[in-house]
């Protein structure tokens, strides 16, 4: 029996491609920068940034690992690409309600210059974040980050109140395996040619952790002091992790990541954090739909 096609069905067939096109156009419009430029740091590095989304909304700092520049580094290291679609999906989702300060970071990725010999250390990172915010005309921001980017956020927030909060994942705030990752990162970077972007950035990664281990050893910086310094931002501190997160074994970086977060969950929550452990995921397979809705729910109704 031949099915009769109603006028509404014909209209739907005509409208569906048009609606998809309009949706795509709206997404493209939301990712058109309202401002784009470079922040120049005190040591002469130029850090590329773009402002995306509504200018009257609170600002989220978004960089590592959700940039094309870092994606290229990971491909050079033999890791799978996150893909343009993943980055676009994340940015389109965030810019529905927030202004995004989208930054080619760390130094030496994307259009950002550097890294320089001896950088980057935690103080440099905090200064870089502030320099970019100044160049973009942003007063305060919530820093998003994952893995190394979460480490950036912790050290930025413990050094400047310009960082109004954190929405980070995949790295412990308390009990972080800094010594272990220093050893693993050093082994990875030593096997890379020094004249390649991947080699230079991974050496920066190793130096970053070397500075932290030295600071912890000397007592110049401790995780406990960092947590205490962020108490005034209680309610804007969010940490998530996959329950099976043991770092990146494929790069010989097997690390206790989920374990210390789970062990210190109650301590962090008492200090004003929300900590979410996402069952069944590890460091590399944590998809956007597993954590982005929770971050957005956490930020809903908050201002900074």
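Just so you know, all these numbers are worked out from the coordinates, no wet-lab data involved. Just so it is clear, the structure is predicted and the values come from calculations on it, not from any experiment. As a convention, Cβ positions derive from the backbone with ideal geometry for all residues, glycine included, and neighbour counts pool all protein chains shown.
Considering only DSSP beta bridges whose two residues both sit in the stretch 31-299, what percent are antiparallel, to the nearest 5?
Close to 35 percent.
What nm distance separates the two modelled labels at residue 187 and residue 277, each placed 7 Å from Cα along Cα→Cβ?
Each label point is offset 7 Å from its Cα along the Cβ direction, giving 2.7 nm.
What's the extension gain from residue 68 to residue 302 if we count 0.36 nm per residue and subtract their Cα-Cα distance?
That works out to 81.3 nm of additional length.
Just want the ordering: 66, 171, 304, from fewest to most Cβ atoms lying within 10 Å of their own Cβ.
304, 66, 171
Just order 162-169, 52-59 by mean Cβ neighbour count inside 10 Å, highest at the front, would you?
Ranking the peptides 162-169, 52-59 by packing returns 162-169, 52-59.
When the chain is treated as a GNM, springs tying every alpha-carbon pair under 10 Å, which of 190, 243, 218 comes out with the largest mean-square fluctuation?
218
Subtract the Cα-Cα distance of residue 86 and residue 160 from 0.36 nm times their separation in residues, and report this length gain in nm to one decimal.
Residue separation times 0.36 nm, minus the Cα-Cα distance, leaves 23.6 nm.
Using 0.36 nm per residue of separation minus the Cα-Cα distance, give me the extension gain between residue 262 and residue 111 in nm, one decimal. All intermediate terms of the calculation are to be shown ahead of the outcome.
Details: separation 151, 0.36 × 151 = 54.36 nm, distance 3.71 nm.
Fully extending the segment from residue 262 to residue 111 adds 50.7 nm.
FRET efficiency for residue 196 and residue 270, Cβ-Cβ distance as r, R0 = 45 Å, nearest 0.05?
Once the sixth-power term is evaluated, E becomes 0.50.
Rounded to the nearest 500, what is the chain's calculated 222 nm mean residue ellipticity when only DSSP H runs of at least 4 contribute -39500 (n - 2.57) each, over all residues?
-14000 deg cm²/dmol
Return the whole-Å distance between the Cα centroid of the stretch 99-129 and the Cα centroid of the stretch 131-178.
Their Cα centres are 12 Å away from one another.
Pairs of Cα atoms under 8 Å, at least six residues apart: use those to get the relative contact order of the chain, whole percent.
Reported relative contact order: 16 percent.
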